[in-house]
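**Student:** Questions regarding the structure given below will be posed in turn.
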Amino acid sequence: MPQHFVAPPQWEWYIVWYFFLGGLAGGAYALGAILRLMGDQRDAPVSRIAFLLTFPLLAICPILLTLDLGRPLRFWHMMIDSRTFTLNFKYWSPMSVGVWVLLVFSLFALISFLEAFGTWRSGKAPFLTGGLGRLFMIVGAFFGLFLAGYTGVLLSVSNQPVWSDTWALGGLFLASGLSVAAAALTLMTRLGRHEASAEAKLTRVDRYFTVLELVLLVAFFVSLGAVGSQFLQPRWLALWVVVLIGILVPLGLHLASARRTPALLAAVLTLVGGLALRIVVVFGAQM
Amino acid sequence: MARTVGFFTDTTLCIGCKACEVACKEWNQLPGHAPAFGDGYDNTGQLDEQNWRHVQFHERTTPKGGVAWNMMSDVCKHCTQASCMEVCPTNAIIKTEFDTVYIQPSVCNGCRDCIAACPYHVIGFDEASGLARKCTFCYDRLQANLLPACAKACPTESIKFGDLGTMREIAGARLNQLRGQGMAEARLYGDKEYGGLHALFLLTDKPEAYGLPNAENAVLPSRNNIRNYLGSVVTAAIGVVGAVFAFRERGGKG
């Protein structure tokens, strides 16, 4: 069993919510982009909702991260070396990479938000069209997926128990990010009036992501081995139950019925489970 | 004057007087925490933002069935390959002209990534200043050609200070001497870990008994970059393929 004598970094609620919202925003953008690129005209409203959702959620992230700093006014030290005034970038430090990804992805999310807002409120024609528009969305989706997954890598690139004892945390957070994004989009489309075909597609993709998340969750515990016993305390076990409910119940509901109420329940459970996953991983390893 | 300095802490000479802790706190103006009284003599507890030296008291059973202490004055190891410095996103953590590891208070923004990375539980977060803090190797004293406060105060010379090469020689000679006297369990810690530590320890038990990861477990955070990014890439690829597959079907059954 790996030896750990490390101190906890006291990353708490600001970080948990950043991980959750970052995963949700990154996943939502990727889904919006794929739906736009692969779907048909009837899917356009759902894709628009994805872009309308991404940027406001993403805008909260840097606020959370700044508030978490011991010296919030020095947030810019993450990007600029305060002694030499040159750019700071360390590809081997996920925190350094993540700051830049968050910044670059925010630009993509903002532009897509403005386009979606324009088509929604003013009926303007979309401007992210043609080859360049497609490329824009593919690159944006890449950064969105990166944002959803790197948060797990950030935890792993440490010497903390649990976090540093697995290879699966980046993948797990990414799968969860996609899953909660699909759930959030399902929630918003089912509460509004949209094409049944788009709703069906969302349900189907949510089912894929839920299975993917379940596989990654198993891989996470297998990779941890005996270190996983860290989570055997009752309070962490209770949270894992919430995580499992957030995976298994929606999966069962998706398989059993495509009706409105179960779909809404499944989406809510997925979102709660995604948040519980980040709470238990972030807090559980620091005790 | 630039030089490569080091500590050599000979735990067999430590009497647990804590003069090093007091001298460190006085020189560095560290108020410390309120002492926590448990069932031992260790009321310091751990290295953190207030405790830059920590005298550990480990009780052990002797071969004759008695009880003895293994005492060790713990300190930042000033690793050649420092985990804290590796992850620090602001470049607040630097190597000084003495080859020691120093957190620049004017640069640190209190993100605490270094705390998550340090395998020796050295760095603590100072709520008052909002900064990560740890032993500076008395950087200010070194610049004035003075001994670090802890080494200066140690009455038994358990804590030795000098050029790292000299410290290695002294440590090696002391190890040979103790082994020659029949102390087979004596061992040196820090000559290989993290590219060589700038704080060497002569121990009389396994490293883990003193809260030090053994050579196998003294690993850098960056070891996890590739395998975790790889896991993410594979997951992303499967997720994207799944989404493409789900979204391409024209209005199929849910």
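**Student:** List the residues, sorted by chain then number, that are 5 or more residues from A:Ile80 or on another chain and whose placed amide H is less than 5 Å from its amide H.
**Tutor:** HN-HN under 5 Å from A:Ile80: A:Asn88.
**Student:** Separate question: What are the aspartates and glutamates whose alpha-carbon lies under 17 Å from the alpha-carbon of A:Lys90, with same-chain residues fewer than 8 places away excluded?
**Tutor:** Within the straight-line limit of under 17 Å, A:Lys90 reaches these aspartates and glutamates: A:Asp81, B:Glu86, B:Asp113.
**Student:** Would you mind checking the tilt of helix B:225-248 against the longest principal axis of the Cα atoms of chain B, expressed as 0 to 90 degrees and rounded to 10?
**Tutor:** Rounded to the nearest ten degrees, it is 10.
**Student:** Scan around B:Val55 for amide H atoms under 5 Å from its own, H built in the peptide plane at 1.01 Å from N, and keep only partners 5 or more places away or cross-chain.
**Tutor:** B:Asp74
**Student:** Please list, in order along the stretch B:100-111, the HN-Hα scalar couplings obtained from phi with the Karplus expression 6.51 cos²θ - 1.76 cosθ + 1.60 (θ = phi - 60°), rounded to whole Hz, x for Gly and Pro.
**Tutor:** Ordered by residue, 3J(HN,Hα) equals 9, 9, 10, 8, 6, x, 7, 10, 4, 10, x, 7 Hz.
**Student:** For a test of the definition: using alpha carbon positions, the gyration tensor, and the 1.5 limit on a/c, classify chain A as rounded, prolate or oblate. Walk me through the intermediate numbers first.
**Tutor:** On the way: a/c = 2.20, a/b = 1.19, b/c = 1.85.
Since a/c reaches 1.5 but b/c is at least a/b, the shape of chain A is classed as oblate.
**Student:** Give me the lysines in straight-line cross-link reach of B:Lys25: C-alpha distance below 19 Å, same-chain residues under 8 apart excluded.
**Tutor:** B:Lys77, B:Lys134, B:Lys152, B:Lys160
**Student:** Per DSSP H run of at least 4 residues, take -39500 (n - 2.57); add these up for chain B, divide by its residues and hand me the 222 nm value, nearest 500 deg cm²/dmol.
**Tutor:** Working: 7 runs with 71 residues, N = 254.
Helix-only estimate at 222 nm: -8000 deg cm²/dmol.
**Student:** What whole-number distance in Å separates the alpha-carbon centres of the stretch B:70-100 and the stretch A:235-287?
**Tutor:** 41
**Student:** What aspartates and glutamates does B:Lys206 reach when the alpha-carbon gap must be under 16 Å and sequence neighbours fewer than 8 apart in one chain are set aside?
**Tutor:** Partners found: B:Asp10, B:Glu59, B:Asp74, B:Glu185, B:Asp191, B:Glu193, B:Glu216.
**Student:** On to the next question. Check which residues have an amide H placed less than 5 Å from B:Ile15's amide H, if you skip close sequence neighbours.
**Tutor:** Sorted by chain and number, the residues that satisfy this come to none at all.
**Student:** Ranking request for peptides A:85-93, B:126-134, B:225-233: highest mean number of other beta-carbon atoms within 10 Å first, then the rest in descending order.
**Tutor:** Working: A:85-93: 13.8, B:126-134: 18.6, B:225-233: 20.3.
Ranking the peptides A:85-93, B:126-134, B:225-233 by packing returns B:225-233, B:126-134, A:85-93.
**Student:** Assuming a ≥ b ≥ c are the square roots of the Cα gyration tensor eigenvalues, decide whether the stretch B:159-208 counts as rounded (a/c under 1.5), prolate (otherwise, with a/b larger than b/c) or oblate.
**Tutor:** Details: a/c = 2.31, a/b = 1.33, b/c = 1.74.
Because a/c hits 1.5 or more and a/b fails to exceed b/c, the stretch B:159-208 counts as oblate.
**Student:** May I pose another question? Rounded to the nearest Å, what's the spacing between the alpha carbon centres of the stretch B:188-204 and the stretch A:109-129? Just the number, please.
**Tutor:** 60
Where a number appears in this text, it was derived from the coordinates with a stated rule and is not lab data. These numbers come from a predicted model, not from an experiment. Neighbour counts are summed over all protein chains in view; Cβ atoms, including those assigned to glycine, are modelled from backbone coordinates with ideal geometry.
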